[in-house]
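See structure below.
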Amino acid sequence: MVRRTRSQAKGISDSELQSQDSRSPTTTAISLNPPPPTSSKLSFRARKIRRVTSDADDNKRPQIPDAEASRTSHSEANTFITEKETPSASPSVLPMIVKPLTLKSEIDLALQHLRLSDSLLAYCIDSFRPPEFPTHRPAFLSLTKSIVCQQLSNQAAKTIHTRFVSLCGGEASVLPETVLGLTVQQLREVGISGHKAGYIHDLASKYREGLLSDSSILEMDDETLFNKLTMVKGIGPWSVHMFMIFTLHRPDVLPVGDLVVRRGVERLYGLKALPKPSQMEKLCEKWKPYRSVGAWYMYRLMEAKGVLPTLSAVEVAGSTVTEQQQTE
C-alpha cells in the first residue's frame, strides 16, 4: 500500500514502475561490461581515418593488432602491404656486372653452377680446358675492330685491322677524334669498304655526342647496352653479344643468333634441326646466370668435331630434350 501510494503520488503507474525496475539491472551491467557493440563501429571508423593519414603518422602508431587486421578486406590488406613496402625499396640500380669472367673465382662458380644444372653440359666441361677471357681492352677500340672485321676471313680481318690501327697511329690513338679526322678515302686505302667507313664514323660521332663512352658502357646493364649499341650503324645483335662476352666479359649473355653456338646446342641435346633463337632461350634457360660460359663451351664443342666422344653414349637420367622442346 505504501509503494502504491508513493507511485500514485508521483503520477507513475504500476506498469511503468515495473518497467523501470526491469531496466535498472541492465543499466548497471552496461556500466560494468566492456564497451557496447557501438564501440566496434568507432574502431572501424578509426581504422579508416588511419588509412588516409600520411605515412609519417602511421609510422608513429604501434603495430596493428591481429584482431583489427583480420577485419581488413583482402584487397585492402594487399594495398596496405604495398604502400608500406614500396618506400623501403632502394631506388638505385646496381650495375649488372659485379664480378667479370676474368676472375678465376667467378669462372669456378660458373663451372660449378653449370655442372649441377645441366648434366650434358657437365660432360663438355669435363672434356675441355676451363674457359679463359683475355685482358680487358678499351671499348672503342674493340667496337671499331668488330666493324672492320665483319664478314671477313680471319687472315683478311687481321691484315686490314692492322693497317687501320697503323693509320690511326697505334692502338692508343684509336680514339673517336682520330677516327673522325680520317676521310672515307683514307679508310678505303687500307682495305675498309665505304660502308664500313661510314659505320666507323657513326660510332665515333655517337662518342662525340656523348651518347656513348668507354666509362658509360662499363656501367650500363645488358639491356641498356644492347639498345644503345644497336643504334650505331653496322652494329647488330651478334656484334653486341660478342662484344659483351669477349670484351666486357659479361657472365650471362646468350648469342642466340650465332650459328656456331646454335649448332653446338643442336649437337649437345641431339636435336633434329638447328634451334631457332626462341628455342635457344628456352633450352639454355638452365645455364643462367652464366650463359656466356655455356656459349663458350659450344664453340669448343664444335671445334672438337670428331675428337669428342659421341654425346649420345652418355646416359644421364633426365638429360634428354623432349620432343615438345625441340618443336616449340
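The values are calculated or read from the model by the stated rules, or taken from the named source; none is laboratory data. Since this is a predicted model, take the numbers as computed values, not measurements. Don't worry about glycine lacking a Cβ; one is built from the backbone with ideal geometry, like all the others, and counts go over all protein chains shown. To get the accessible areas, we keep the full protein, side chains included, count just its heavy atoms, and leave off ligands, DNA and RNA. Shrake-Rupley method; radii C 1.70, N 1.55, O 1.52, S 1.80 Å.
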- Query: In the range 183-220, which residues are within 25 Å of Pro251 (Cα to Cα), modelled with pLDDT of 95 or more and of a type in the set (D, E, K, R)?
  - Reply: Asp214
- Query: Just to be sure, is Asp214 in contact (Cβ under 8 Å) with a residue 40 or more places away in the chain and either surrounded by fewer than 18 Cβ atoms within 10 Å (Cβ to Cβ) or within 24 Å of Trp287 (Cα to Cα) (or both)?
  - Reply: yes
- Message: For the range 229-242, which positions are assigned to a helix (DSSP H, G or I) and either more than 17 Å from the chain's Cα centre (by Cα) or under 15 Å from Val148 (Cβ atoms) (or both)?
- Response: Leu229, Pro237, Trp238, Ser239, Val240, Met242
- Message: Quick check on the range 170-183: of everything there that is part of a helix (DSSP H, G or I) and in contact (Cβ under 8 Å) with a residue 24 or more places away in the chain, which residue is most open to solvent (accessible area, probe 1.4 Å)?
- Response: Glu177
- Item | For Leu268: the one exception among (1) hydrophobic (A, V, I, L, M, F, W, C); (2) modelled with pLDDT of 95 or more; (3) surrounded by 14 or more Cβ atoms within 10 Å (Cβ to Cβ); (4) under 22 Å from Leu301 (Cβ atoms) | (2)
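Yes/no matrix, rows are residues, columns are (1) of a type in the set (Asp, Glu); (2) more than 23 Å from Ser166 (Cα to Cα):
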{"site": "Val184", "(1), (2)": "no, no"}
{"site": "Ile192", "(1), (2)": "no, no"}
{"site": "Asp202", "(1), (2)": "yes, no"}
{"site": "Glu219", "(1), (2)": "yes, yes"}
{"site": "Asp222", "(1), (2)": "yes, yes"}
{"site": "Lys233", "(1), (2)": "no, yes"}
{"site": "Met244", "(1), (2)": "no, yes"}
- In the range 184-193, is there at least one residue being at negative phi, without any contact (Cβ under 8 Å) to a residue 60 or more places away in the chain, buried (at least 21 other Cβ atoms within 10 Å of the Cβ) and in a loop (DSSP other than H, G, I, E, B)? yes
- Index of the failed condition, Tyr299 passing every other in (1) assigned to a helix (DSSP H, G or I); (2) in contact (Cβ under 8 Å) with a residue 40 or more places away in the chain; (3) open to solvent by less than 60 Å² (accessible area, probe 1.4 Å); (4) closer than 18 Å to Arg115 by Cα: (2)
- Task: Scan the range 244-261 for residues that are free of Cβ contacts under 8 Å to residues at least 24 places away in the same chain, part of a loop (DSSP other than H, G, I, E, B) and either farther than 17 Å from Ser146 by Cα or among the aliphatic types (A, V, I, L, M) (or both) and report the count.
- Result: 0
- Message: Being of a type in the set (Gly, Ala, Ser), farther than 22 Å from Gln112 by Cβ and over 23 Å from the mean Cα position of the chain (by Cα): is that true of Gly270 here?
- Response: yes
- Residue that is least open to solvent (accessible area, probe 1.4 Å), among those in the range 271-293 that are modelled with pLDDT of 95 or more and among the hydroxyl-bearing types (Ser, Thr, Tyr): Ser292
